[in-house]
Amino acid sequence: MGRGANGTSGRRARGRTVDPQVLAEIRELLGDAPRRRDLLIEHLHKIQDHFKHISAAHITALAGEMKLSTAEVYEVATFYHHFDVIKENDQPPPKLTVRVCDSISCDIAGAGALLQSLKKAFGPGVRVKSAPCVGRCEAAPVAVVGTNPIDRASTDDVVKAVKDGAHAASAPDCITYAQYQSTGGYQTLRDCVGGRRKVEDVIKALEDSNLRGLGGAGFPAGRKWRILREQPKPRLIAVNIDEGEPGTFKDRFYLERDPHRFLEGMLIAAWAIECDDVYLYLRDEYAGVRQALTRELRLLKAAPPCPLPKTIELRRGAGAYICGEESAMIESIEGKRGMPRLRPPYVAQVGLFGRPTLEHNMETLYWVRDILEKGAAWFTSHGRHGRRGLRSFSVSGRVNKPGVHLAPAGITVRELIDEYCGGMLPGHEFYGYFPGGASGGILPASLGDVPLDFDTLNSYGCFIGSAAIIILSDKDSARAAALNAMRFFEDESCGQCTPCRVGTAKAVKLMQRQDWDFNLLEELSQVMIDASICGLGQAAPNPLRCAVKYFPQEFKRGGK
């Protein structure tokens, strides 16, 4: 074969050709930001935010700029819900998207009707679509215009927001860095760094308080710190603020009000385990919180109360529930698809960037300052029915006062409804409840006196998880709620393992039928529990099994 004038064979180069104009746009967007592999998702966000979609040309140019293969960039971009990846020659979506949450709390509050109404209200210039839980369950139904959440949304509310150009979230009115310091904030951290508190005393206080991981797993916090101190340096911290469990919104609640209480706890943890690099992983739906945290971190770094870790980075999630799983979150921080890792090794041994990593839920760190200042006995003095401590319950559904309620560990759901939530809504009778979000199972009102805490619900086929309580009334159906939960798990399965990927999809098809094949559903559930890699597939059958076990009346002819 002949060669061209430049000495080549004349054949076209393999792979996609980078468009010079698109490459220039990408370079301008990225500015002087490093082109490191772990920043891939951050750079994809910049493209999505600017263009409202990510084209094939964008992916090719970004891959070239970051010295990655196009396939690597494409597989990450298409993994996350919040990236609108457009194939070559396809039309990009409208510049504005309105999302209507369709998870359990919003569903029973009328999200389905709202979605249909909004689809009729807007022309082709506005895209209207459903979305999984956006973390505002206390204000159901919720629509999000661009990044601006509309609580207790009506069609008129959403239409007005679109018309008025209210398309962006605003930062919450939280306690600022200066305000926090003026009331004694960061003094405990100063005491630690200044040697007035000893590491052993701090860890012992956490152990005595019995503070456990409040993201759902419930691992003792003090023990986790002790384990990390035994690992080789360098050690890292990864903070999980990706609360995607339907029904959960406590992390957002605290960050919107008092973010520095959490940040001080985080910095005390960094001091205790001698950590130089800290990464905060915040779910992308919390755009207002992200603004506030970005601002407060900037103020903290500009005038620190004491020497800070070398690195404190805030990373954006991109709409993947699976990244609430600790190892999937770490994969995402590294700029990859959020695929859970096989264990062992555990993240405390081989975590972020291959280093020992202290992984904590935001709320766990939020309580560190109070426990150290008030003492472990203060924390353990709270509790009911033989349990100890405090719990932040995210309560939504058919109650008069939904919201985050700080209550004694071990409180029952009946006590929670009556004493903290103002009772049931008028005309509604307590029928059932999710004690731990969509994955925590469903219990009937007849089991409304079971203490709510770690380990108290296991014998009923449920768990408390992140303490997300969704209250159902006699106007609701446990069967329908279980199907809603399973659809969520089908959509959010990362697809890595067959039992979860295929099992959730098959379960949805079986649960959509008028008559459920109980034997087949149970067999399917057991396979998912036994063979799934992570908690998503293992817990997905909980609502299904509970609906069958505790609500048999709904499966009779003429039932709900």
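The values are calculated or read from the model by the stated rules, or taken from the named source; none is laboratory data. Not measured: the values here are computed from a predicted model. Cβ atoms come from the backbone with ideal geometry, glycine included; neighbour counts cover every protein chain shown. Calculation scope for accessible area: heavy atoms of the full protein, side chains included, ligands and nucleic acids excluded. Shrake-Rupley method; radii C 1.70, N 1.55, O 1.52, S 1.80 Å.
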Under 6 Å between Cβ atoms, at least 6 apart or on separate chains: pull out the pairs that start in segment 500-528 with a residue that is under 11 Å from L544 (Cβ atoms) and end on any residue that is aliphatic (A, V, I, L, M) and open to solvent by 90 Å² or more (accessible area, probe 1.4 Å). none
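One line per residue, one yes/no per condition, for (1) farther than 30 Å from K336 by Cα; (2) among the hydrophobic types (A, V, I, L, M, F, W, C); (3) outside any helix (DSSP H, G or I):
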residue: E490; (1), (2), (3): no, no, no
residue: C494; (1), (2), (3): no, yes, yes
residue: V502; (1), (2), (3): no, yes, no
residue: Q514; (1), (2), (3): yes, no, yes
residue: L520; (1), (2), (3): yes, yes, no
residue: P543; (1), (2), (3): yes, no, no
In segment 141-173, what count of residues is obtained for those that are aliphatic (A, V, I, L, M) and assigned to a loop (DSSP other than H, G, I, E, B)? 6
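Is it the case that some residue within segment 158-177 is farther than 30 Å from V134 by Cα and either free of Cβ contacts under 8 Å to residues at least 12 places away in the same chain or over 28 Å from the mean Cα position of the chain (by Cα) (or both)?
No, segment 158-177 contains no residue that is farther than 30 Å from V134 by Cα and either free of Cβ contacts under 8 Å to residues at least 12 places away in the same chain or over 28 Å from the mean Cα position of the chain (by Cα) (or both).
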Segment 47-68 - residue that is over 11 Å from K87 (Cα atoms) and of a type in the set (S, T, N, Q) and, of those, surrounded by the fewest Cβ atoms within 10 Å (Cβ to Cβ): Q48
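This table checks each residue for (1) in contact with a His (Cβ under 9 Å, 6 or more places away or on another chain); (2) in contact (Cβ under 8 Å) with a residue 40 or more places away in the chain; (3) surrounded by fewer than 17 Cβ atoms within 10 Å (Cβ to Cβ); (4) under 27 Å from P220 (Cα atoms).
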position	(1), (2), (3), (4)
L267	no, yes, no, yes
A270	no, no, no, yes
I273	no, yes, no, yes
D284	yes, yes, no, no
A292	no, yes, no, no
R295	no, yes, yes, no
L299	no, yes, yes, no
E325	no, yes, no, yes
L352	no, yes, no, yes
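What residue, of P124, P94, is of a type outside the set (A, V, I, L, M, F, W, C), farther than 28 Å from A468 by Cα and open to solvent by 50 Å² or more (accessible area, probe 1.4 Å)?
Working: P94 fails: open to solvent by 50 Å² or more (accessible area, probe 1.4 Å).
It is P124.
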Among the listed residues A318, A269, A302, which satisfies the condition of being farther than 29 Å from G195 by Cα and not acidic (D, E)? A318
Restricting to segment 46-93, name every residue that is free of Cβ contacts under 8 Å to residues at least 40 places away in the same chain and either in contact with a strand residue (DSSP E or B) (Cβ under 7 Å, 6 or more places away or on another chain) or aromatic (F, W, Y) (or both). I47, Q48, I54, S55, Y74, A77, T78, D84, V85, I86
I'm trying to understand the selection: among the residues of segment 364-390, which are open to solvent by 20 Å² or more (accessible area, probe 1.4 Å), among the basic types (K, R) and touching a residue at least 24 places away in the same chain (Cβ under 8 Å)? R384, R387, R388
Just for segment 206-251: of the residues that are touching a Pro at 6+ places or on another chain (Cβ under 8 Å) and polar (S, T, N, Q), which one is farthest from A409 (Cα to Cα)? Q231
Having 2 or more residues that are acidic (D, E) is the bar; report the helices (runs of 4 or more DSSP H) wholly within segment 57-136 that clear it. 70-77
Restricting to segment 179-227, and then to whatever is touching a residue at least 60 places away in the same chain (Cβ under 8 Å) and at positive phi, can you tell me which residue is nearest to the chain's Cα centre (by Cα)? G216
Looking at the structure I just gave you, is N361 open to solvent by 10 Å² or more (accessible area, probe 1.4 Å), modelled with pLDDT of 95 or more and closer than 21 Å to I227 by Cβ? yes
Is at least one residue of segment 55-78 under 20 Å from P124 (Cα atoms) and in contact with a Phe, Trp or Tyr (Cβ under 9 Å, 6 or more places away or on another chain)? no
Candidates A113, A33, A71, A77, filtered to the one that is open to solvent by 60 Å² or more (accessible area, probe 1.4 Å), modelled with pLDDT of 95 or more and either within 25 Å of F353 (Cβ to Cβ) or among the charged types (D, E, K, R) (or both): A71
Select from segment 452-463 the residues that are hydroxyl-bearing (S, T, Y) and touching a Gly at 6+ places or on another chain (Cβ under 9 Å) and write down the one among them that is most open to solvent (accessible area, probe 1.4 Å). Y460
Checked segment 28-48 for anything in a helix (DSSP H, G or I) and among the aliphatic types (A, V, I, L, M); matches are L29, L30, L39, L40, I41, L44, I47
Evaluate the following for H428: is it open to solvent by 50 Å² or more (accessible area, probe 1.4 Å), within 18 Å of S446 (Cβ to Cβ) and at pLDDT 95 or above? no
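In segment 464-480, which residues are surrounded by fewer than 24 Cβ atoms within 10 Å (Cβ to Cβ) and not charged (D, E, K, R)?
Step one: of segment 464-480, the residues surrounded by fewer than 24 Cβ atoms within 10 Å (Cβ to Cβ) are 473-477, 479-480.
Answer for segment 464-480, where residues must be surrounded by fewer than 24 Cβ atoms within 10 Å (Cβ to Cβ) and not charged (D, E, K, R): S473, S477, A480.
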Options S130, S154; residue that is open to solvent by less than 50 Å² (accessible area, probe 1.4 Å), free of Cβ contacts under 8 Å to residues at least 60 places away in the same chain and polar (S, T, N, Q): S154
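Does at least one position in segment 309-322 carry a residue that is at pLDDT below 95, open to solvent by 10 Å² or more (accessible area, probe 1.4 Å) and in contact with a Ser or Thr (Cβ under 7 Å, 6 or more places away or on another chain)?
Of segment 309-322, the ones at pLDDT below 95 are none.
So far as segment 309-322 goes, no, none of its residues is at pLDDT below 95, open to solvent by 10 Å² or more (accessible area, probe 1.4 Å) and in contact with a Ser or Thr (Cβ under 7 Å, 6 or more places away or on another chain).
Name every residue in segment 174-187 that is in a loop (DSSP other than H, G, I, E, B) and out of contact with any helix residue (DSSP H, G or I) (no Cβ under 9 Å at 6 or more places or on another chain), in order of residue number.
Result: T183, single match.
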What's the number of the condition I203 fails, among (1) farther than 22 Å from L118 by Cβ; (2) touching a helix residue (DSSP H, G or I) at 6+ places or on another chain (Cβ under 8 Å); (3) not in a helix (DSSP H, G or I)? (3)
Flag if F488 is open to solvent by 20 Å² or more (accessible area, probe 1.4 Å), under 26 Å from P141 (Cα atoms) and of a type in the set (F, W, Y): no
